[in-house]
Amino acid sequence: MAARRRLHDPVKSFKGATAVITGGASGIGLATAHSLAKRGAQLVIADIHADNANRAASEIRAAEAFVGDVSTEQAFADLRDFTLDRYGSVDIVMNNVGVLTSGRPDHLPVSEWERIIDINLMSVVRSNAVFLPLLLSQGHGHIVNTASFAGLYTYSFDRIPYAATKAAIVQISEGLRLYLHPQGIGVTVLCPGPVATNILATMPPTFGPEVQTGLPGEQFGILLPEQVGEQVAEAILGDTFMLYTDDQVRDVLVERASDWNAFIAKQAEKLAQR
């Protein structure tokens, strides 16, 4: 008879836990680092920009900075080894790196698609390749993957590569939850709506004619990163899988599921009126 797989034992305290956050030097990543640290976690803040990573780590007493490029698998192996060397364990991995692009679908070059997929999506794949064996061997831990409202439903057409990668991250996270939860590892997928971050600063100029981006909905206010960081911390403690930054998005998803054809027609009409 096959051995019974044990139920997941969720993280109940961050005291003494080690969290790794990619894209952790600003925005939601940095805010989450602060939220975890004030609850007793020790952090490794990973970012491609050395000055930003060092500055962020200096803000948090129990934090180390790691400089690396998530578009390479070696960076994740080095990040794992760096964390184990500094703290001896890895308990939480937050895959938070994300970049944007803008352009009409017929003007976005294939190279831009490749850039967005490589950074947004393949960084999660690379992280899994390195950190999953470690988490599985120890039989506990938690993964947080940052997706977006844009990965849940379509409200614009100028950022399709970004939306496609975020939708893929939702799917990856669902599969990981099914696989990892019985083995002691929690999974949370963070789907933020509008948040006041600096992600636009990393976006190249619009490809082709200027285009006005659609919005996820007028009902969604702009949150501060600090608010989202608190939500992430509580989601880990509560072993929450799907984390919306605004619960009103459920109404949108129910509307789409009820009549997908009518929903997409409504979205197209909104864009045509802009």
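Taken over the stretch 209-235, residues that are under 19 Å from the mean Cα position of the chain (by Cα) and among the small types (Gly, Ala, Ser) amount to 3.
Taking strands (runs of 3 or more DSSP E) that do not extend beyond the stretch 10-96, which have at least 1 residues that are surrounded by fewer than 22 Cβ atoms within 10 Å (Cβ to Cβ)? Fully inside the stretch 10-96 and qualifying: 63-67.
If the condition is being open to solvent by less than 10 Å² (accessible area, probe 1.4 Å) and small (Gly, Ala, Ser), then the stretch 97-109 contributes 102, 103.
Of the residues making up the stretch 197-228, just one is closer than 19 Å to residue 23 by Cα, in contact with a Leu (Cβ under 8 Å, 6 or more places away or on another chain), surrounded by 14 or more Cβ atoms within 10 Å (Cβ to Cβ) and not β-branched (Val, Ile, Thr), namely 225. Residues that are touching a Gly at 6+ places or on another chain (Cβ under 8 Å) and part of a helix (DSSP H, G or I) within the stretch 97-116 comprise just one, 112. Pairs linking a residue in the stretch 13-36 that is within 15 Å of residue 93 (Cβ to Cβ) to a residue that is at pLDDT 95 or above and acidic (Asp, Glu), with Cβ atoms under 7 Å and 6 or more positions apart or on different chains, are 17/91; 18/91; 19/91; 23/47; 24/47.
Select from the stretch 110-119 the residues that are farther than 15 Å from residue 72 by Cβ and buried (at least 16 other Cβ atoms within 10 Å of the Cβ) and list them in ascending order. Break it down stepwise before answering.
To start, the set of residues in the stretch 110-119 that are farther than 15 Å from residue 72 by Cβ comprises 110-113, 116.
Once the filter is applied, which keeps residues that are farther than 15 Å from residue 72 by Cβ and buried (at least 16 other Cβ atoms within 10 Å of the Cβ), the stretch 110-119 yields 112, 116.
Does residue 8 qualify as being farther than 24 Å from residue 118 by Cβ, in contact with a Gly (Cβ under 9 Å, 6 or more places away or on another chain) and modelled with pLDDT under 95? Walk me through it before giving the result.
Numbers: farther than 24 Å from residue 118 by Cβ: yes; in contact with a Gly (Cβ under 9 Å, 6 or more places away or on another chain): yes; modelled with pLDDT under 95: yes.
When the stated conditions are applied, residue 8 passes them.
Among the residues of the stretch 245-266, the ones that are closer than 30 Å to residue 144 by Cα, assigned to a helix (DSSP H, G or I), of a type outside the set (Phe, Trp, Tyr) and open to solvent by 60 Å² or more (accessible area, probe 1.4 Å) come to 7 in all. Every condition in (1) open to solvent by less than 40 Å² (accessible area, probe 1.4 Å); (2) assigned to a helix (DSSP H, G or I) is met by residue 133 except one, and the failing one is (1). Among the residues making up the stretch 126-142, a single one is under 16 Å from residue 98 (Cβ atoms) and in contact with an Asp or Glu (Cβ under 9 Å, 6 or more places away or on another chain): 126.
Between a residue in the stretch 150-167 that is among the hydrophobic types (A, V, I, L, M, F, W, C) and any residue that is part of a loop (DSSP other than H, G, I, E, B), which pairs come within a Cβ distance under 7 Å, given they are 6 or more apart or on different chains? Between residues of the stretch 150-167 that are among the hydrophobic types (A, V, I, L, M, F, W, C) and residues that are part of a loop (DSSP other than H, G, I, E, B), the close pairs are 150/159; 157/105; 160/105; 163/154.
Checking each residue in the stretch 222-274 for being more than 17 Å from residue 188 (Cβ to Cβ) and acidic (Asp, Glu) picks out 226, 251, 255, 259, 269.
Being buried (at least 19 other Cβ atoms within 10 Å of the Cβ) and not acidic (Asp, Glu) is a property that holds for residue 186. For the stretch 145-179, what are the residues that are surrounded by 23 or more Cβ atoms within 10 Å (Cβ to Cβ), within 24 Å of residue 19 (Cβ to Cβ) and of a type outside the set (S, T, N, Q)? 147, 166, 169 - these are the residues of the stretch 145-179 that are surrounded by 23 or more Cβ atoms within 10 Å (Cβ to Cβ), within 24 Å of residue 19 (Cβ to Cβ) and of a type outside the set (S, T, N, Q).
The values are calculated or read from the model by the stated rules, or taken from the named source; none is laboratory data. For clarity, every value in this text was computed on a predicted model and none was experimentally measured. Virtual Cβ from ideal backbone geometry, glycine too; neighbours counted across all protein chains shown. Remember, those area values only see protein heavy atoms, side chains included, never the ligands or the DNA or RNA. Shrake-Rupley method; radii C 1.70, N 1.55, O 1.52, S 1.80 Å.
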